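Worksheet for the structure shown next.
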Amino acid sequence: MPESPRKETDIARRIRAHGLARGHTHAEIAAEIHDQCGPLFGTSKVKSQRLARGIALSDVIAQIRALYEVDGKPPPKLGETLLSAYESGYKKPGPAYLHYLCSVYRVEPTDLGFQGQCICGRGHSGRSGGAAQSRPGESDALVGSVVVPSHADTQWMLNSDLRSQHRAGGSVAADMGEEDIVLRRTLLQLLAGAGVAVDGQFLGAIDGLRRKMDDTLVSATVSPTMLDQWEETIVGYGQQYQATPSLRLLCDVLLDFSEVRRMCDQRQPIELQERLCRLAAQLSGLSGLIMINLGDHRLARSFFRTARTAADETGDRGLRAWVTARESLVPMYYGDPREALHLARKAQDLAGRTPCAAAAMAPAVEARALGMLALRGRSDAAPSARRALVRGRAVFDQLSRNQVNDLVFGFTDRQMTFYEGDTYTNLGDHQRGDEVLSHALTLYTVNDRLDRTLVRLDRAHCRLQAGEPDAALTAGREAILDLPAEHRSDILMHRARQLGAAAAAMHGDMPALRDFRDALAGPSVQSPTVGPPPPEVV
């Protein structure tokens, strides 16, 4: 006796063969597949319909595209990834796609596992010849021919406005673009533990999504409860920022960013539109921060530009200042500290006299930029940096509890302490810098991987300035090796390379430097930066 089939497709193929031999309809075969495969593999009703016909996802897509063409509509943005999500139960098709799925399979929504009636208001099972279900020997919607819907069945699609479906609470899956598909595929690969190549398609999807937000910000019905849920989601991202690998978090953030963009596609009452623009500004600014971590300063700047556009719509000076203060980190790590200084002072002007997170962060960024300039020989930078630290700490002491507990949208005590220690290090006060940075490490949790590693690398710089190159390189190497590969983002590797370059410039080649460079050559998050790497800053 042959071994019984163990795979879903094998069982479905056997059921289909026996059903065809006995003259069963495809609906009967699909029901049998669902009854047998559902308990074993979780096979959905909509997938059972496809397995009952022995076809691939691409065949269904081709049929739907043909129906769209017959209806005189542009090609749908439906791909195999989205159809597979329907079959897996991760997403529910919108009214338009559900209508065409029913048309292709010649069944009703309940046969596909979805409640309610089709939006066309007509049945799909008896479209040809009046038979309730086609027999295997008869013409089939998925075998050799394209079903041409009648005028009465398609008139609703020819004259309907998809936006009215959105206002009626319908799914927005029909508006899903290629960007969403690329991001979801990347997220699924990351969840499966597979390697992800940050290629042109991925970067194009990111920038395309940002451009769509730019387009829709100028044109935007959602409920206050829905906005409350989105705001809670964004607060959660602030809590995950340090602990979640950058590429994984970027996919999550941008998928929500895409949803917010779709909600902005219709004009809203002014109070709701302001809240939507705030969400857009925060998600875009957070995306810019993650792009800094991944080393793509061009896309980071683009996201901050989008965030400024959205923030300007809110009229919230604190939010506008937050975007500008966060944007100053781009030149801080990958550009000219003079530009970082300019943006930090601009953020202070935007914040005004009202205590807010940006009003405390901007002077601290100013101090760090001045410290970098002092390291390059600017004589007047050191006293200005110390005064900026005093201003920043004075504003920080006035912040509310909520503002000092948020690592992304607020400004915490551990961040303030980190910025102070970094400034003292750049000013050449390595003893004071090491004391402050050591205290900063006690404030961070073990899950705050990003800033903890930056603090440890800054402490290594302190040891280098103190004339201890071997200890400095050892500390830097341990800071990198303690990180899982998926957390070794470009910003950390860039800072580590700066430590190595400074050690080589001060002490030349040494065994510890070779060991340090070998550690940096290990696995890390692939940087999406296009072109040559940024120059090393000593």
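The values are calculated or read from the model by the stated rules, or taken from the named source; none is laboratory data. Being a predicted model, the structure only gives us computed values, none of them experimental. When we count neighbours, we look across all protein chains shown, and the Cβ atoms used for this are built from the backbone with ideal geometry, even at glycine. SASA here: full protein model, heavy atoms, side chains in, ligands and nucleic acids out. Shrake-Rupley method; radii C 1.70, N 1.55, O 1.52, S 1.80 Å.
Only residues that are open to solvent by 100 Å² or more (accessible area, probe 1.4 Å), assigned to a loop (DSSP other than H, G, I, E, B) and modelled with pLDDT of 90 or more: list them for the range 374-401, please.
Matches in the range 374-401: ASP397, GLN398.
Check off (1) surrounded by fewer than 20 Cβ atoms within 10 Å (Cβ to Cβ); (2) part of a loop (DSSP other than H, G, I, E, B) for GLY410 and give me the number that stays unchecked.
(1)
If only one of GLY113, GLY94 is at positive phi and under 31 Å from the mean Cα position of the chain (by Cα), which one is it?
GLY113
Determine which member of the set ALA505, ALA479, ALA440 is at pLDDT 85 or above, surrounded by fewer than 20 Cβ atoms within 10 Å (Cβ to Cβ) and of a type in the set (Gly, Ala, Ser).
Working: ALA479 fails: surrounded by fewer than 20 Cβ atoms within 10 Å (Cβ to Cβ); ALA440 fails: surrounded by fewer than 20 Cβ atoms within 10 Å (Cβ to Cβ).
None of the others qualify; the one that does is ALA505.
Considering only the range 453-466, I want to know if a residue exists there that is farther than 17 Å from PHE418 by Cα and part of a helix (DSSP H, G or I). Full working, then the answer.
Keep residues of the range 453-466 that are farther than 17 Å from PHE418 by Cα, which gives 464-466.
Next, only the ones that are part of a helix (DSSP H, G or I) stay: 464-465.
Within the range 453-466, one or more residues are farther than 17 Å from PHE418 by Cα and part of a helix (DSSP H, G or I).
What residue, among those in the range 157-190 that are among the aliphatic types (A, V, I, L, M) and modelled with pLDDT of 80 or more, is nearest to LYS92 (Cα to Cα)? Walk me through it before giving the result.
Of the range 157-190, the ones among the aliphatic types (A, V, I, L, M) are 157-158, 162, 168, 172-174, 176, 181-183, 187-188, 190.
From the residues that got through so far, the ones that are modelled with pLDDT of 80 or more too are 181-183, 187-188, 190.
On the way: ILE181: 15, VAL182: 19, LEU183: 18, LEU187: 19, LEU188: 18, LEU190: 23 Å.
Out of the qualifying residues, it is ILE181.
If you take the residues in the range 44-82 that are of a type in the set (Lys, Arg) and under 12 Å from VAL104 (Cβ atoms), which one is surrounded by the fewest Cβ atoms within 10 Å (Cβ to Cβ)? First the steps, then the outcome.
Within the range 44-82, the subset of a type in the set (Lys, Arg) is 45, 47, 50, 53, 65, 73, 77.
Of the ones still in play, those that are also under 12 Å from VAL104 (Cβ atoms) are 50, 53, 65.
Numbers: ARG50: 23, ARG53: 21, ARG65: 16.
This residue is ARG65.
Out of the residues in the range 261-295 that are of a type in the set (D, E, K, R) and modelled with pLDDT under 90, state the one that is most open to solvent (accessible area, probe 1.4 Å).
The selected residue is ARG267.
If a residue has to be open to solvent by 10 Å² or more (accessible area, probe 1.4 Å) and in contact with a Gly (Cβ under 6 Å, 6 or more places away or on another chain) to count, how many in the range 85-124 make the cut?
1
Within the group ASP207, ASP215, ASP228, which residue is open to solvent by 30 Å² or more (accessible area, probe 1.4 Å), at pLDDT 80 or above and within 21 Å of SER284 (Cβ to Cβ)?
Working: ASP207 fails: open to solvent by 30 Å² or more (accessible area, probe 1.4 Å); ASP215 fails: at pLDDT 80 or above.
Sole residue among the options that is open to solvent by 30 Å² or more (accessible area, probe 1.4 Å), at pLDDT 80 or above and within 21 Å of SER284 (Cβ to Cβ): ASP228.
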